[in-house]
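Participant: Below are the structure tokens for one structure; questions will follow.
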Amino acid sequence: MDATKFDELKSGVQEIIDLIANKNAKDANNKLVEVSEELDELLDHTDEDEELREISKFQVLLNQLQQKIISLQ
């Protein structure tokens with residue numbers, strides 16, 4: 001498992017959360033798109049069950065954050 005990639009995703013998610021907390025929906029949405037693309041890229045290149053479970057957790061979290069961003073607009 002490439003822990004560095006997941007650390008980068010965690011950092012990106014934290015940045016999205018911080019932007020939401022600051023009521024900055026536009027930048028939060030832009031960062032969400034960026035992190036989603038990174039997650040999709042990671043998904044395309046993995047077949048290990050453990051990594052797929054971790055990716056799935058991030059997908060759920062990003063969906064929840066997207067709903068929060070929508071509610072800010």
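Participant: With charges set only on the Cβ (+1 for Lys and Arg, -1 for Asp and Glu), what does the dipole of the chain come to about its Cα centre, in debye to the nearest 20?
Facilitator: Details: 8 positive and 18 negative charges, 156 e Å.
Here the size comes out at about 740 debye.
Participant: So how far apart, in nm, are the two label points at Q14 and V60 if each is 7 Å from Cα heading toward Cβ?
Facilitator: 2.2
Participant: For the chain, which GluC sites (Glu not before Pro) pass both filters: DSSP loop (anything but H, G, I, E, B) and at most 16 other C-beta atoms within 10 Å? Intermediate values should be presented prior to the final figure.
Facilitator: On the way: sites: E8, E15, E34, E37, E38, E41, E48, E50, E51, E54; in loops: E48.
Filter output for the chain: E48.
Participant: Answer rounded, prolate or oblate for the chain, using the Cα gyration tensor with square roots of eigenvalues a ≥ b ≥ c: rounded when a/c is under 1.5, else prolate when a/b is larger than b/c, else oblate. Walk me through the numbers on the way to the answer.
Facilitator: On the way: a/c = 2.53, a/b = 2.15, b/c = 1.18.
Prolate is the answer for the chain, as a/c is 1.5 or above and a/b outweighs b/c.
Participant: Residues of the range 25-58 with backbone nitrogen within less than 15 Å of a virtual label 7 Å along the Cα-to-Cβ line of A3, please, listed as ranges.
Facilitator: Residues passing the 15 Å test: 51.
Participant: Let me ask something else about it. What does the helix-only formula give at 222 nm for the chain: each DSSP H stretch with n ≥ 4 adding -39500 (n - 2.57), the total divided by the residues, and the result rounded to the nearest 500 deg cm²/dmol?
Facilitator: On the way: 3 runs with 63 residues, N = 73.
Result for the chain, helices only: -30000 deg cm²/dmol.
Since every read-out is calculated from the coordinates, none of them should be taken as a lab result. Just so you know, these numbers come straight off a predicted model, no measurement behind them. Virtual Cβ from ideal backbone geometry, glycine too; neighbours counted across all protein chains shown.
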